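Notes to accompany the following structure.
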Amino acid sequence: MQVSVETTQGLERRLTISVPAETVDVEVKNRLRHLGKTQRINGFRPGKVPVSVIQKRYGQSVRQEVAGELMQRNFVEAIVAEKINPAGRPQFVAKSNEDGKPLEFEATFEVYPEVELKDLEKIAVERPQVEVTDKDLDEMFVTLQNQHKTWKENKRKTKNGDKLTIDFNGRVDGEEFEGGKAEGFELELGSGRMIPGFEKEIVGMKVGEEKTISVTFPEDYHAENLKGKDAEFDIVVHKTEGPVLPEVDEEFAKLFGVEEGGVDALREEVGKNMQRELTQAVKAKVKEQVIEGLLEANELELPSALVAQEVDVLRQQAMQRFAGQMDAANLPQLPDDMFEEQAKRRVKVGLLLGEVIKVNELKVDEAKVKELIESAASAYEDPQEVIDYYSSNKELNQQMQNVALEEQAVELLLEKAAVKDVEASFKDIMNPQAK
């Protein structure tokens, strides 16, 4: 086998490989001889078909089959010998494939980029210092109460948090529009279900009151003909109801599966859940900063084959999410550019973290794997059942090992980074958009 390596452009490489004619011809003859023993052809007894007849009927297809296998086999041998690390599958082109002549072919493919980690000490991270306070716990209980609230009819002026039953009829440029009219529509004020300004304009109305309000559709509204348009809505209020929160008592605790210990036991359980979620959120926030700093400090040329593979993964995940909402047969083929930026980021992160793992010779920490599994299991009613399931499922266990190894890489980068501890609140971490 003769091999030559050529750099075409960027990460693309082209191998030109020549396989001796004898190697090819011997393989072709052996295949044809085997076919002669197994094929049934009219006019000949089984196993007695002349080689010339087999050659005429099957020679070309057999040679193509042999060539395909030899190209794959010799390509693998060549990249091992040349110490080349391909990214993605090669494209084979046979330049010569004739009887009595060497099989010559080209294999074009991309290689992984050379990664040299830089400026790790310049990665800036603000690490939140935060704990769950009694105030946070009290506010969470209000949230839990709201999840189980009931409604009581009233006749007063409405305020945020009330529920209204209304009729409305909308107009743009004096003309009614599709979807702009409803009767007996229930709306909780402050829920943000309607376009900006709609709910604010009807706060303070009472049962039986009628009012015409003016609002403007946002520029990013889903209906093209309404984007940025001024509109008027005629409003009629038929019913107003105020929220009634349940008492925080033993019966309230039982709503959440706490049969013994009452409110104190519920507070303890809720506190544990909040702390677990807070710990995960802080970890995610720190990791995001580490990854962002790593990306900013290290530019990479990305193999298009890896990006294309990641685009396909993201597309399949999106299709699976959509499939739960509509018939799979009616789902459109989502375009590549919808996922390309995210795919590039994921490939780059994978290459950089892979280099961190390789350079520092990191191995999976089984104690961390156990910790991750136990943390995930703690959110379930029977944690041990979840732990046992992970232990018996090789694929899930492997996934958790990959997560653990990635976390080890992030922790190592964090040790090298410029870290500043900052005071934060539970709200800052769990609801950053509310700041």
task: Look through ALA404, ALA409, ALA367 and report the one residue that is part of a helix (DSSP H, G or I), open to solvent by 40 Å² or more (accessible area, probe 1.4 Å) and more than 30 Å from ASP134 (Cα to Cα).
output: ALA367
query: Taking TYR380, is it open to solvent by 70 Å² or more (accessible area, probe 1.4 Å), among the hydroxyl-bearing types (Ser, Thr, Tyr) and not in a helix (DSSP H, G or I)?
result: yes
field: Test result for THR212, surrounded by 15 or more Cβ atoms within 10 Å (Cβ to Cβ) and of a type in the set (S, T, N, Q)
entry: no
field: Scan of the range 258-271 for residues that are in contact (Cβ under 8 Å) with a residue 60 or more places away in the chain and under 20 Å from PRO383 (Cβ atoms), ordered by number
entry: VAL270, GLY271
field: Verdict on VAL364 being within 11 Å of LEU405 (Cα to Cα), touching a residue at least 40 places away in the same chain (Cβ under 8 Å) and out of contact with any Ser or Thr (no Cβ under 8 Å at 6 or more places or on another chain)
entry: yes
- request: With respect to LYS427, determine if the residue is within 30 Å of GLU355 (Cβ to Cβ) and basic (Lys, Arg).
  value: no
task: Answer yes or no: is there a residue in the range 170-182 that is within 34 Å of the chain's Cα centre (by Cα), surrounded by 12 or more Cβ atoms within 10 Å (Cβ to Cβ) and free of Cβ contacts under 8 Å to residues at least 24 places away in the same chain.
output: no
- prompt: Taking the range 77-88, which residues are surrounded by 12 or more Cβ atoms within 10 Å (Cβ to Cβ) and not small (Gly, Ala, Ser)?
  reply: GLU77, ILE79, GLU82, ILE84, PRO86
query: Considering the range 215-234 alone, what residues qualify as being in contact (Cβ under 8 Å) with a residue 40 or more places away in the chain, assigned to a loop (DSSP other than H, G, I, E, B) and open to solvent by 60 Å² or more (accessible area, probe 1.4 Å)?
result: LYS229
task: Quick one: which residue in GLU65, GLU77, GLU114, GLU104 is farther than 30 Å from VAL270 by Cβ and in a loop (DSSP other than H, G, I, E, B)?
output: GLU114
task: Looking for whichever is in contact with an Asp or Glu (Cβ under 9 Å, 6 or more places away or on another chain), acidic (Asp, Glu) and at pLDDT 95 or above here; the options are GLU241, GLU232, GLU209. Which one fits?
output: GLU241
- prompt: How many residues, within the range 272-311, are open to solvent by 20 Å² or more (accessible area, probe 1.4 Å), more than 13 Å from VAL347 (Cα to Cα), among the hydrophobic types (A, V, I, L, M, F, W, C) and in contact (Cβ under 8 Å) with a residue 12 or more places away in the chain?
  reply: 3
Residue list for the range 118-165, filter: among the polar types (S, T, N, Q) and outside any helix (DSSP H, G or I): GLN129, THR133, THR150, ASN154, THR158, ASN160, THR165
task: Go over the candidates LYS206, LYS200 one by one and state the one that is under 30 Å from LYS155 (Cα atoms), open to solvent by 70 Å² or more (accessible area, probe 1.4 Å) and in contact with a Lys or Arg (Cβ under 7 Å, 6 or more places away or on another chain).
output: LYS206
message: Residues to consider are LYS163, LYS95, LYS135; find the one that is open to solvent by 90 Å² or more (accessible area, probe 1.4 Å), over 34 Å from the mean Cα position of the chain (by Cα) and over 30 Å from ALA424 (Cβ atoms).
response: LYS95
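The values are calculated or read from the model by the stated rules, or taken from the named source; none is laboratory data. These numbers come from a predicted model, not from an experiment. Glycine gets a Cβ as well: all are built from the backbone with ideal geometry, and neighbour counts include every protein chain shown. Surface areas here come from the heavy atoms of the whole protein model, side chains and all, with no ligands, DNA or RNA. Shrake-Rupley method; radii C 1.70, N 1.55, O 1.52, S 1.80 Å.
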